[in-house]
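The values are calculated or read from the model by the stated rules, or taken from the named source; none is laboratory data. Values in this document were obtained by computation on a predicted structure and should not be read as measured data. Cβ atoms come from the backbone with ideal geometry, glycine included; neighbour counts cover every protein chain shown.
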Amino acid sequence: MEFSLSAGLTSEKKELVTTLNTAIAYGSGGLSVYATPAMIGLMEGAALSAVDPLLPSGFATVGTRVEINHLAATPIGMTVSANAELVAVEGRKLIFNVTAFDEKEKIGEGRHERFIIDCAKFSAKTTQKISC
């Protein structure tokens, strides 16, 4: 199946840093600052929202790779925004440049890959794992 996605698509997601998305809450560190896994999730969400609404019914994307640098800490109470730009389409593989900023500075950057899947086939294959 052909998909009409091309480089240049962008999207942004934002969230407030609270006790629920700190390194302590995620178990990824011992400080009450924005967690790296939370930042990665926000970046993935931005990438997903750039392309998934443009796919035909029954198709979606799944994250397959992240290469992220977390550059600066963000305290509770600040808002973080993640931006994704689709930079390459290689068949069903989608490659994004991603960045994240708090209200003061860039806090993260990197690349993220997603893969276009047929939802029914993907679910059937996944369900087989538990039926063995």
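Some observations on this one:
- Any hit, region 80-103, residues being in contact (Cβ under 8 Å) with a residue 60 or more places away in the chain and among the hydroxyl-bearing types (S, T, Y): yes
- Selection status of S131, modelled with pLDDT of 95 or more and polar (S, T, N, Q): no
- Conditions (1) within 18 Å of K14 (Cα to Cα); (2) surrounded by 17 or more Cβ atoms within 10 Å (Cβ to Cβ); (3) hydroxyl-bearing (S, T, Y): number failed by S81: (2)
- Region 13-29, subset aliphatic (A, V, I, L, M) and more than 14 Å from D102 (Cα to Cα), residue surrounded by the most Cβ atoms within 10 Å (Cβ to Cβ): A23
- Taking first residues from region 1-14 that are in contact (Cβ under 8 Å) with a residue 60 or more places away in the chain and partners that are among the β-branched types (V, I, T) and part of a strand (DSSP E or B), the Cβ contacts under 8 Å between residues at least 6 apart in sequence or on separate chains come to F3/V89; F3/I116; L5/V89; S6/V89; A7/V87; A7/V89; K14/T79; K14/V80.
- Selection from region 42-63 of residues that are touching a His at 6+ places or on another chain (Cβ under 9 Å) and part of a strand (DSSP E or B): G63
- Taken over region 30-58, the criterion of being under 16 Å from R92 (Cα atoms) and surrounded by 17 or more Cβ atoms within 10 Å (Cβ to Cβ) is satisfied by A47, L48, A50, V51, L55.
- Qualifying residue in region 1-10 (condition: exposed (fewer than 15 other Cβ atoms within 10 Å of the Cβ) and closer than 16 Å to E113 by Cβ): yes
- Number of the condition not met by A72 [criteria: (1) crowded, with 20+ Cβ neighbours inside 10 Å; (2) small (G, A, S); (3) not in a strand (DSSP E or B)]: (1)
- Residue in region 1-35 that is nearest to E85 (Cα to Cα), counting only those that are β-branched (V, I, T) and assigned to a strand (DSSP E or B): T10
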